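Taking it in order: structure first as structure tokens, then the write-up.
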Amino acid sequence: MDASEGAVTTAAAPYIGRFAPSPTGALHFGSLVAAVASYADARSVNGRWLLRIEDVDTTRCSMAAEKRIRAQLALHGFEPDGPVLRQRERGERYAAALERLRACGHVYACACSRRALAGAPRNADGETIYPGHCRELALGPEGHALRLRVPDGIDGEIAFSDRAAGDVRQHLAPEVGDFVLRRADGIWAYQLAVVVDDAEQHVTDVVRGADLLGNTPRQIHLQRRLGVATPRYLHVPLVRDSCGDKLSKQTHAAELADDEVLPALHAAWRWLGQAALPTVATPAAFWRLAIDRWDDGQIPRDSRQ
Ligand code: GLU
Ligand code: ZN
């Protein structure tokens with residue numbers, strides 16, 4: 001696949017956005033902020049808004065969490081378009097993409113254990129920069145992780161303009177290294193699944209939390225390798241707790257309360273820098289006003305960027 005084939009433009013395509021939660025637990029305020037931003041951004045231009053359940057890591061996801069998330073979304077007035085996509089049902093699509101990359105010589109097997117990589121350098125996001133131990137070993141794929149060989153030269157220098165964060169530049173080889181596409185236990189990596197799914201769902205605009213900003217160059221590189229369009233990106237600032245840590249299930253962020261729906265919607269709205277909305281009686285009334293008044297230019301930048 002010629003990298004230039006990746007330069008497909010989506011500028012004229014009708015807006016398709018998505019919200020892609022991982023069902024490892026209920027939604028918390030940080031997830032609500034991302035959902036509100038993507039929903040308002042899509043609906044304010046009469047765009048579609050898709051729901052994708054990112055349950056690719058079956059060891060951490062549950063049907064109970066998916067049900068809870070969908071109930072929370074409904075309660076907060078979100079109305080997804082079209083069928084819900086579940087990553088757990090899409091292994092064949094990921095395998096087909098992997099095969100295309102492999103046929104072009106971009107994939108190799110890696111036998112390094114977590115322990116073997118413990119001393120490797122880490123990037124600004126705390127991720128291990130893979131030092132390339134297995135690059136030239138030509139191991140068979142069985143029982144091994146599969147990694148994408150990232151280019152050392154200019155093709156591996158990814159630059160893009162984020163609608164909120166501005167210009168982002170990352171050099172994949174020194175800042176990320178060859179990254180995993182499929183884990184040794186057979187689980188597909190988020191990077192591959194998200195690129196295949198965004199492309200197949202014709203997503204034109206990815207609106208999500210700034211914790212994924214540093215993953216975006218990997219995804220753009222994969223899009224180029226696979227010859228699919230690159231969407232526009234808008235990364236909204238992260239909600240942090242009083243210790244400065246990102247709100248997450250790992251830090252036991254409180255789940256959204258069913259009896260605080262309107263206060264939570266208003267708080268998410270304000271968090272996104274939007275002008276306060278009048279008091280309303282229902283989520284539907286909130287959304288009627290919000291969709292009309294959404295202003296992406298008001299979104300604050302993450303203070304740590
Ligand atoms: N599933 C990811 C998460 O819950 C979001 C992925 C994305 O929006 O690209 O953090
Ligand atoms: Zn290795």
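The values are calculated or read from the model by the stated rules, or taken from the named source; none is laboratory data. What you see is a predicted model; the values in this text were computed from it and never measured. Here Cβ is always computed from backbone atoms with ideal geometry, including for glycine, and neighbour counts include all displayed protein chains. Just so you know, the surface numbers come from the protein's heavy atoms only, side chains and all, with ligands and any DNA or RNA stripped out. Shrake-Rupley method; radii C 1.70, N 1.55, O 1.52, S 1.80 Å.
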With Cα atoms, 0 to 90° folded angle of helix 63-75 axis to the chain main axis | 40
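Give the peptides 281-287, 72-78, 233-239 in descending order of average Cβ contacts within 10 Å, highest first.
Numbers: 281-287: 15.0, 72-78: 18.6, 233-239: 22.7.
Top to bottom by mean Cβ count within 10 Å: 233-239, 72-78, 281-287.
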Given 112-120, 202-210, the highest-first ranking by average Cβ count within 10 Å works out to 202-210, 112-120
Kindly provide log₁₀ I(q)/I(0) values, in the same order as q = 0.14 Å⁻¹, from the Debye equation applied to equal alpha-carbon scatterers of the range 29-188.
-> -0.99
Give me the angle, in degrees from 0 to 90, between the Cα long axis of helix 91-103 and the longest principal axis of the Cα atoms of the chain, rounded to the nearest 10.
-> 40
Express in nm, to one decimal, how much length is gained between Arg301 and Arg115 on full extension, taking 0.36 nm for each residue of separation and deducting their alpha carbon distance.
-> 63.3 nm
Measure off, as a whole percent, the carbon and sulfur share of the 1.4 Å-probe accessible area of the chain, all protein chains present.
-> 52
Based solely on its DSSP helices, what 222 nm [θ] is calculated for the chain when runs of n ≥ 4 H residues each add -39,500 (n - 2.57) and the sum is averaged over all residues, nearest 500 deg cm²/dmol?
-> -9000 deg cm²/dmol
Approximate spin-label separation Ala124-Leu137, in nm, with each point projected 7 Å along Cα-to-Cβ | 3.1
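Give the percent of DSSP beta bridges with both residues in the chain that are antiparallel, rounded to the nearest 5. Working shown, then result.
Working: 17 of 29 bridges.
Antiparallel bridges make up about 60 percent of those DSSP assigns within the chain.
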Those trypsin sites (Lys or Arg not before Pro) in the range 226-305 that DSSP places in a loop and that have at most 16 other beta carbons within 10 Å = Arg301, Arg304
Using a basic spin-label model with each label point 7 Å from the Cα along Cα→Cβ, how many nm lie between Ala95 and Glu255?
-> 3.4
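Go through 18-27, 85-94 and give me the packing order, highest mean Cβ count within 10 Å leading.
Details: 18-27: 22.2, 85-94: 16.1.
Ranking the peptides 18-27, 85-94 by packing returns 18-27, 85-94.
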Calc'd 3J(HN,Hα), the range 283-291, phi into Karplus 6.51 cos²θ - 1.76 cosθ + 1.60 (θ = phi - 60°), Hz, glycine/Pro = x, comes to x, 4, 5, 4, 5, 4, 6, 4, 4
Efficiency by 1/(1 + (r/R0)^6): what FRET value for Ala275 and Phe160, r their Cβ-Cβ distance, R0 = 35 Å, to the nearest 0.05?
-> 0.75
For the chain, built as a Gaussian network whose Cα springs stay under 10 Å, the top-fluctuating residue of Leu272, Leu139, Leu51 = Leu139
With unit charges on the beta carbon (Lys/Arg positive, Asp/Glu negative), name the residue among Gly186, Pro151, Ala138 whose Cα is farthest towards the positive pole of the charge dipole of the range 114-192.
-> Gly186
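How much area per residue is accessible in the range 182-305 when the probe is 1.4 Å and only protein heavy atoms are counted (Å²)?
Working: 5540 Å² over 124 residues.
Here the per-residue accessible area is 45 Å².
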Under Karplus coefficients 6.51, -1.76 and 1.60, residue-wise ³J(HN,Hα) of the range 106-114 in Hz, glycine/proline x = 8, 10, 9, 8, 10, 9, 5, 7, 4
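How big is the Cα convex hull of the range 157-214 in projection, averaged over all directions, in nm²?
Values: hull surface 19.7 nm².
Dividing the Cα hull surface by four gives the mean projection, 4.9 nm².
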At 20 °C and 1.002 mPa s, grab the translational diffusion coefficient of the range 104-206 from Stokes-Einstein with a Kirkwood Rh over Cα pairs, rounded to a whole number in µm² per second.
-> 142
Kindly provide the GluC sites (Glu not before Pro) of the range 131-164 that DSSP labels as loop, not H, G, I, E or B, and whose Cβ sees at most 11 other Cβ atoms within 10 Å.
-> Glu136, Glu142
Geometric extent, Cα atoms of the chain - Rg, Dmax (angstrom) | 19.6, 63
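Counting only protein chains, not ligands or nucleic acids, how are Ser62, Ser31 ordered by accessible area (probe 1.4 Å), most first? Numbers along the way, then the final one.
Details: Ser62 55, Ser31 20 Å².
I get Ser62, Ser31, largest accessible area first.
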P(r) over all Cα-Cα pairs of the range 207-305, 5 Å bins from 0 to the longest distance, whole percent per bin, short to long, reads 2, 10, 17, 18, 18, 15, 11, 6, 2, 0
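Whole number in Å², please: accessible area per residue of the range 91-140, 1.4 Å probe, ligands, DNA and RNA not counted. Walk me through the intermediate numbers first.
Numbers: 3140 Å² over 50 residues.
Result: 63 Å² per residue.
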How large is log10 I(q)/I(0) at q = 0.15, 0.21, 0.31 Å⁻¹ when the Debye formula is applied to the Cα atoms of the range 254-305, each weighted equally and without solvent?
-> -0.46, -0.80, -1.24
